[in-house]
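Accompanying notes for the structure given below.
All of the numbers you see were taken from the coordinates with simple rules; none came from a lab. If you're wondering where the values come from, they're calculated on a predicted model, not measured in any experiment. When we count neighbours, we look across all protein chains shown, and the Cβ atoms used for this are built from the backbone with ideal geometry, even at glycine.
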Amino acid sequence: MNKQKIKGLEKYSDKWVALDKSKTTIVAGGKNLKKVLADASKKVDKPFLMRVPPLDVSFSP
Amino acid sequence: MANSPIKIYYEVFPVLNSSGKKIGEVARPIIYFLLNYKHGKMFGPMGAIIDSGADYNLFPADVADILGIKLMKGEEKVNEGIGGKRVKTYRHLGIKMFVEGYSFNTSIDFSKEISVPLLGQQGFFDKFKKITFSRVDEEVLIET
């Protein structure tokens, strides 16, 4: 088992985040995907992007 | 000789109460991949939830914009979700998805009304021989 836990995810409910290659550290985040990508690309090469589901409700897509 | 399956792990998300306090955790099967549209610039890696209950791949419109796709030029569809909520989507073909060393052509339904990318039965599950979810081990094995 290799549970991935992203540090500080609580602040990014229903927002985009960019992660470093460990996929556990957030290097940028926000509502605008282009800006998140641009901000993250200044810090790391090939950031991993993910949209965080809303965290204060059950998510049933 | 068969290829080794792609193995991905569930990611753990906090569950918050209405005050923003953490009250639990939930694990979801997220896979990261690259995308391009009509042999354009590669985008990603980005993550999406592998959703066996979704009929088609369903992505937010922000991703279409980054790929250089004109959202409303796609084939208009309607997607009904939980509670009978209907959202308008636009289906685009000509998208190539790269999952680790495996790639395939697919379609994605984009919408301004959804936020979290989902990978569904048509366009993701049907591109693989077998997808096995192991909730106990919190991993997904994908056979190509």
As straight-line cross-link partners of A:Lys43, the qualifying lysines (C-alpha separation under 26 Å, not fewer than 8 residues apart within one chain) are A:Lys3, A:Lys5, A:Lys7, A:Lys11, A:Lys15, A:Lys21, A:Lys23, A:Lys31, A:Lys34, A:Lys35, B:Lys41
Checking rank on B:113-120, A:16-23, with mean other Cβ inside 10 Å and highest first, the result is B:113-120, A:16-23
Quick one: Karplus J couplings for segment B:85-102, per residue in order, coefficients 6.51, -1.76, 1.60, θ = phi - 60°, nearest Hz, x for Gly and Pro?
6, 9, 10, 7, 10, 10, 8, 10, 9, x, 9, 10, 10, 10, 10, 6, x, 10
Below 12 Å, Cα to Cα, which aspartates and glutamates can B:Lys22 reach? Residues fewer than 8 away in the same chain don't count.
A:Glu10, A:Asp56
For the protein assembly as shown, what does -39500 (n - 2.57) per DSSP helix run (n ≥ 4), summed and divided by total residues, give at 222 nm, in deg cm²/dmol to the nearest 500?
-2000 deg cm²/dmol
Part-to-part distance (alpha-carbon centres) for chain A and segment B:1-46, which is given in Å
10 Å
Which of rounded, prolate, oblate describes segment B:50-111, given a ≥ b ≥ c as roots of the alpha-carbon gyration tensor eigenvalues and a/c under 1.5 marking rounded, otherwise prolate only if a/b is larger than b/c?
oblate
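Rounded to the nearest 20 debye, what is the charge dipole size of the protein assembly as shown about its Cα centre when +1 sits on each Lys and Arg Cβ and -1 on each Asp and Glu Cβ? Mind showing how you got there, number by number?
Numbers: 33 positive and 23 negative charges, 121 e Å.
Computed about the Cα centre, the dipole is about 580 debye.
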HN-Hα J in Hz across segment B:10-16 - Karplus 6.51, -1.76, 1.60, θ = phi - 60°, x for Gly and Pro
4, 10, 9, 10, x, 10, 10
When chain B is treated as a Gaussian network with springs between alpha carbons less than 10 Å apart, the largest mean-square fluctuation among B:Phe43, B:Phe13, B:Phe133 is found at B:Phe13
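Work out which trypsin sites (Lys or Arg not before Pro) in chain B are exposed loop sites (DSSP not H, G, I, E or B, at most 16 other Cβ within 10 Å) and give the longest gap free of them.
Details: sites that count: B:Lys21, B:Lys38, B:Lys41, B:Lys70, B:Lys85, B:Lys112, B:Lys129, B:Arg135.
Result for the longest clean stretch: B:42-69.
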Could you list which residues have their amide H under 5 Å from that of A:Val27, counting only those 5 or more apart in sequence or on another chain, with H placed in the peptide plane?
A:Ala18, A:Leu19, A:Asp20
Residue (of B:Ile49, B:Ser134, B:Val63) at the positive-pole extreme of chain B, dipole from beta-carbon charges
B:Val63
Tell me the relative contact order for chain B as a rounded percent, counting alpha carbon contacts under 8 Å between residues six or more apart.
28 percent
Semi-axes of the equivalent ellipsoid for the protein assembly as shown, please: Cα gyration tensor eigenvalues, times 5, square-rooted, ordered largest first, whole Å.
23, 21, 19
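If the only charges are +1 at each Lys and Arg Cβ and -1 at each Asp and Glu Cβ, what is the size of the charge dipole of chain B around the Cα centre, to the nearest 20 debye?
Working: 19 positive and 17 negative charges, 74 e Å.
Here the size comes out at about 360 debye.
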Segment B:6-143: C-alpha pair distances exceeding 22 Å, %
41 percent
Ordered by residue, what ³J(HN,Hα) values in Hz, to whole numbers, does segment A:6-22 give under the Karplus form 6.51 cos²θ - 1.76 cosθ + 1.60, where θ = phi - 60° and Gly and Pro are x?
8, 6, x, 5, 3, 7, 10, 4, 6, 10, 7, 10, 10, 10, 7, 5, 6
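When the gyration tensor of chain A is built from Cα positions, what are the square roots of 5 times its three eigenvalues, in whole Å, from largest to smallest? Walk me through the numbers on the way to the answer.
Working: eigenvalues 75, 45, 15 Å².
Equivalent-ellipsoid dimensions as semi-axes: 19, 15, 9 Å.
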